Amino acid sequence: MSPYKISTENPFDPPAANLRCVATFVALSESKRPKLPRGIHWVSHSPNIWFSWRDADRKQHHVCTKSADPLEALVFKIRFLRDLKRKGEDAEWLMPALGRSPLKEVAKQYFAWKAANISPATVQREQRMFKKVLQFFNESRPVRCIGLLDIRQYQQWRRRQISPTMKQPVTARTVNYEMQLLRCVVDYADCWNGTLADRYKPLRQEKSRIGRAASTDELIRLVTTASGHDSWMVVLWCAAVAAGTGCRGCEIRKLQSKDIHIENGRITVSREIAKNRSTREPRLTALAEWGLRRLLVRAESLGATEPHHYLLPFEVAKSRHLAKARQGRWDVNRPMKTWMKSWRKLVQAAGIGHFRFHDLRHTFRTQGAEAGVPLEIMMAQIGHIDRESSLEYVHIQQRGFDQIKRLIGRKQAAVLAVAQRRSTHAE
């Protein structure tokens, strides 16, 4: 039987049974009570010292130490909480507050918790982005010491930096993303409140997500420029798949041999690699089949012969760490990291302006809209989950509207002729 008795009554509202102690309470109230250490306190209607603690459900409990001596009360509290911990009860007093923990440690716990609900690839990408935050704020800094002024200084500092991949100043969208990660980490430590919660403002950014669609002439120039350059052929074949299916670059990069069904004219984008976490089976145009067949021949020559092997094997020789630990140049059980360097060189050599690899997806969607493909079918092909996102592609080019004007204008020509004659006679 526990020697401790937790009072479930409100100590600030004594029951009638304690009225016999009124004289004692009055006597104590007439004399000034000594100041107590932090963590224990007096109660106006009790001669003894009390303390409070919260359980795992954050319900507060009041405990009487049965002593008016501060030292005895502290010893009682320490023993009580120690015994509580042994029983498996989580007392808030026993756990170190996350707000006092270093930013790096809290971030580690936050991303570990987030990995239970988000794909590992997304968590890894956000951890890489968070490195800049750790660099600026100092990874050993307590989370509760991060203030509004620090965040504003980070926004200014980050906007002045040049992105090593995009070769241009860091965008407001990137800074806001990094600050959103910081906000989640600080909120995880229950420190996003007060001034931070009331006065933090993200940077203003352009909300338009409309991309650029390549013309037929520009696509032909990409093909002719890459011909004869072995270092550009792989990215050209991938570009053919993107322009012929509308798939994202990350989806193409993570395709496995078992996902490709050229004989049926389709590929399978599994939910593990799809952005919307939904499996779909895009159909292949002739251009996409051309690119896939050449990528399959290349993959087989590199040793990717099993169904689970990747279409674009990872080049171990480009990784200093892995090159020392592994034999062989290619790892067919891992996908390649990126082709962005080759893509930028190819686009520059072809004399095409700013054109992202992702714009090939916009090109596919725009060509589909101009050809009259129903919106719902196109959404299933490219993996859009809402009409709003897909509708943004429809008005990328004015050629579609010009076509509407021309075709409908022909139908209304006779009506227009009669209207013009009537107008002339009336004048």
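The values are calculated or read from the model by the stated rules, or taken from the named source; none is laboratory data. This is a predicted model, so every value here is computed, not measured. Cβ sites come from the backbone with ideal geometry, for glycine too, and all protein chains shown count toward neighbours. Areas reflect the complete protein model, heavy atoms only, side chains present, ligands, DNA and RNA absent. Shrake-Rupley method; radii C 1.70, N 1.55, O 1.52, S 1.80 Å.
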- Task: List, in the order given, every pair from 114/201; 167/275; 132/337; 114/167 whose Cα-Cα distance in the structure shown is over 29 Å.
- Result: 114/167
- Give a residue-ordered list of calculated ³J(HN,Hα) values for segment 152-164 (Karplus: 6.51 cos²θ - 1.76 cosθ + 1.60, θ = phi - 60°; whole Hz; x for Gly, Pro). 5, 5, 5, 4, 5, 4, 6, 5, 7, 7, 9, 5, x
- Near the amide H of residue 67, under 5 Å away, which other amide H atoms are found, from residues 5 or more places off or on another chain, if H is placed in the peptide plane? 49
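Report, to the nearest whole %, how much of the accessible area of segment 58-182 belongs to carbon and sulfur atoms, 1.4 Å probe, protein only.
On the way: 4170 of 7830 Å².
Reported share for carbon and sulfur atoms: 53 percent.
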- Task: Taking H placed 1.01 Å from N in the peptide plane, check which residues at least 5 places from residue 214 or on another chain put their amide H under 5 Å from its amide H.
- Result: 363
- Message: Sequence gap of 8 or more, or different chains, plus Cα separation below 25 Å: how many lysine pairs satisfy both in segment 32-88?
- Response: 12
- Query: Where only protein heavy atoms count, and the probe is 1.4 Å, what is the accessible area per residue for segment 154-244 in Å²?
  - Reply: 59 Å²
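With the full set of protein chains in place, find how many percent of the accessible area of segment 248-373 is carbon and sulfur; take the probe as 1.4 Å.
Working: 3290 of 6770 Å².
Solvent-exposed carbon and sulfur of segment 248-373 make up 49 percent of the total.
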- Note on the structure: Diffing segment 225-232: the Karplus 3J(HN,Hα) column from phi (6.51, -1.76, 1.60, θ = phi - 60°), in whole Hz with x for Gly and Pro, holds 5, 6, 4, x, 10, 4, 6, 9
- Compute the relative contact order of segment 115-260 as a whole-number percentage, counting only Cα pairs closer than 8 Å that sit 6 or more residues apart in sequence. 16 percent
- Task: For residue 261 paired with residue 354, estimate the spin-label separation in nm (one decimal), with each label point 7 Å from Cα along the Cα-to-Cβ line.
- Result: 4.1 nm
